[in-house]
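Below is one structure; the comments refer to it alone.
The values are calculated or read from the model by the stated rules, or taken from the named source; none is laboratory data. Since this is a predicted model, take the numbers as computed values, not measurements. Cβ placement follows ideal geometry from the backbone for every residue including glycine, while neighbour counts extend to all protein chains displayed. We work out accessible area using only protein heavy atoms, side chains counted, and drop any ligands, DNA or RNA first. Shrake-Rupley method; radii C 1.70, N 1.55, O 1.52, S 1.80 Å.
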Amino acid sequence: MNTITITHTPEDGTLALGTERGDHAGKILRDAGRFTFSRGIGVNGAWYIKGSRDRAPRMWAIDAAVEKLRAAGFDVDVQIEREYRATAEVEADRAASLESRQDALEDKADRKAAESDAAYARSRDAVKGIPVGQPVLADHYSAPGHLRAIDRSNRAMRASVDADNESREAAHRAEASRASQAHRDSVPVTLRRIERLTADLGRFQRALDGTAGPWSKPATGADRGRILGEIEHLTEQIAHWRKHVATLEEEGVKVWSKADFKVGDFVRSRGSWREVLRVNPKSVTVPSGWGRLVTQANREYSWNDTIKYDDVSGRKSAEEMAKLLAAAEAAKETAEASA
């Protein structure tokens, strides 16, 4: 049987190369290792594990596939690279790929728009020799040509509508992709990512030190090396994203924190202003309720809510809010008097 090579690299993820049509290796890879086939990899396509790029190799899946393949008589060569790429390189790669996709979608939108215009012109040309409102003269010699012209016009108009729909869809997908990228790089999302990475770092650190639980022991041997690699990678990722947040701050983006609030202030989040009841290290405590303005006095429920700083979109002091409310009340009274 042919030799199958299973590789894992940060750039390409986990791939299985060397399969041939009819050798049944694909079924083993799919069932045992959760591999998926793609014709877009290499010259003749290859099997790969989804979401494996720039991730730790899923050895449980790789080992299961290798075991089943060897049991079926295949020679299997396994090449695993456990190093990670720098986060800046990964993000640059991702941004370039997204930009290429967005450009392709915008090109498609322009191309389909041009096709729609051309088809519309053909639809008009097909019946330009027929007076507007002219019925088909069933017993006249012109009837067959009239019907053919209407059919050509209808087919061209359908093609125009279809191309216009495809153009709009491609433009929408390109815009959605750009909006998704902007959202991913925003301060709130980045702060949540840092929080998640920091939690993962603490989990690996406890596994290394043997403090994860009452029966835990310090990691040794291959496990220690693997955990140290994960700790190094997470530390590098956290540093990268903190630098990203610092850069956005330098550009004028506000990053909210405990230092920005005191009890009695008002915090804006998701279109609602809430009175600040307590200031915490990672959040502010506010009264529960619904509406554009929720205070201790008009709260709907007895319990409190918390708003994390990465979900804050504005702040006003008690004095500023009082002035706004007074101005709104005065405007309302003036409007009622005028009525």
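With a cut-off of at least 3 residues that are buried (at least 18 other Cβ atoms within 10 Å of the Cβ) and either without any contact (Cβ under 8 Å) to a residue 24 or more places away in the chain or in contact with a strand residue (DSSP E or B) (Cβ under 6 Å, 6 or more places away or on another chain) (or both), name the strands (runs of 3 or more DSSP E) lying wholly within segment 9-114. Give the steps one after another, and end with the answer.
Numbers: elements: 13-17, 36-38, 46-48, 75-80.
Counting at least 3 such residues, we get 13-17, 46-48.
For segment 136-160, give me each residue that is open to solvent by 80 Å² or more (accessible area, probe 1.4 Å) and of a type outside the set (Gly, Ala, Ser).
Correct list: Asp139, Tyr141, Leu147, Arg148, Arg152, Arg155, Arg158.
Could you check segment 297-314 and list, in sequence order, the residues that are out of contact with any helix residue (DSSP H, G or I) (no Cβ under 6 Å at 6 or more places or on another chain), under 15 Å from Asp260 (Cα atoms) and either open to solvent by less than 80 Å² (accessible area, probe 1.4 Å) or without any contact (Cβ under 8 Å) to a residue 24 or more places away in the chain (or both)?
Ile307, Tyr309, Asp311, Val312, Ser313, Gly314
Val286 versus (1) touching an Asp or Glu at 6+ places or on another chain (Cβ under 8 Å); (2) at pLDDT 95 or above; (3) open to solvent by 40 Å² or more (accessible area, probe 1.4 Å): which is the lone unmet condition?
The single condition Val286 does not satisfy is (3).
Report every pair of residues separated by at least 6 positions or lying on different chains whose Cβ atoms are under 6 Å apart, first residue within segment 320-339 and at pLDDT 90 or above, second surrounded by 12 or more Cβ atoms within 10 Å (Cβ to Cβ) and hydrophobic (A, V, I, L, M, F, W, C).
Met321/Phe266
Look through segment 235-280, keep the residues that are acidic (Asp, Glu) and outside any strand (DSSP E or B), and return whichever of them is farthest from Asp305 (Cα to Cα). Write out each step before concluding.
Residues of segment 235-280 that are acidic (Asp, Glu), as a first pass: 236, 249-251, 260, 265, 275.
From what's left, outside any strand (DSSP E or B): 236, 249-251, 260, 265.
Details: Glu236: 34, Glu249: 28, Glu250: 31, Glu251: 32, Asp260: 19, Asp265: 15 Å.
Among them, the one singled out is Glu236.
What do you reckon, is Arg178 among the basic types (Lys, Arg), touching a residue at least 40 places away in the same chain (Cβ under 8 Å) and assigned to a helix (DSSP H, G or I)? Explain how you work it out, then say what you get.
Values: among the basic types (Lys, Arg): yes; touching a residue at least 40 places away in the same chain (Cβ under 8 Å): yes; assigned to a helix (DSSP H, G or I): yes.
It is true that Arg178 is among the basic types (Lys, Arg), touching a residue at least 40 places away in the same chain (Cβ under 8 Å) and assigned to a helix (DSSP H, G or I).
Return the only residue of Val253, Val267 being closer than 22 Å to Glu195 by Cα and either open to solvent by less than 20 Å² (accessible area, probe 1.4 Å) or in contact with a Cys (Cβ under 9 Å, 6 or more places away or on another chain) (or both).
Checking each option against the conditions leaves just Val267.
Go through (1) of a type in the set (D, E, K, R); (2) over 30 Å from Ile130 (Cα atoms); (3) assigned to a helix (DSSP H, G or I) and name the single condition Arg158 misses.
Of everything listed in (1) of a type in the set (D, E, K, R); (2) over 30 Å from Ile130 (Cα atoms); (3) assigned to a helix (DSSP H, G or I), Arg158 misses just condition (2).
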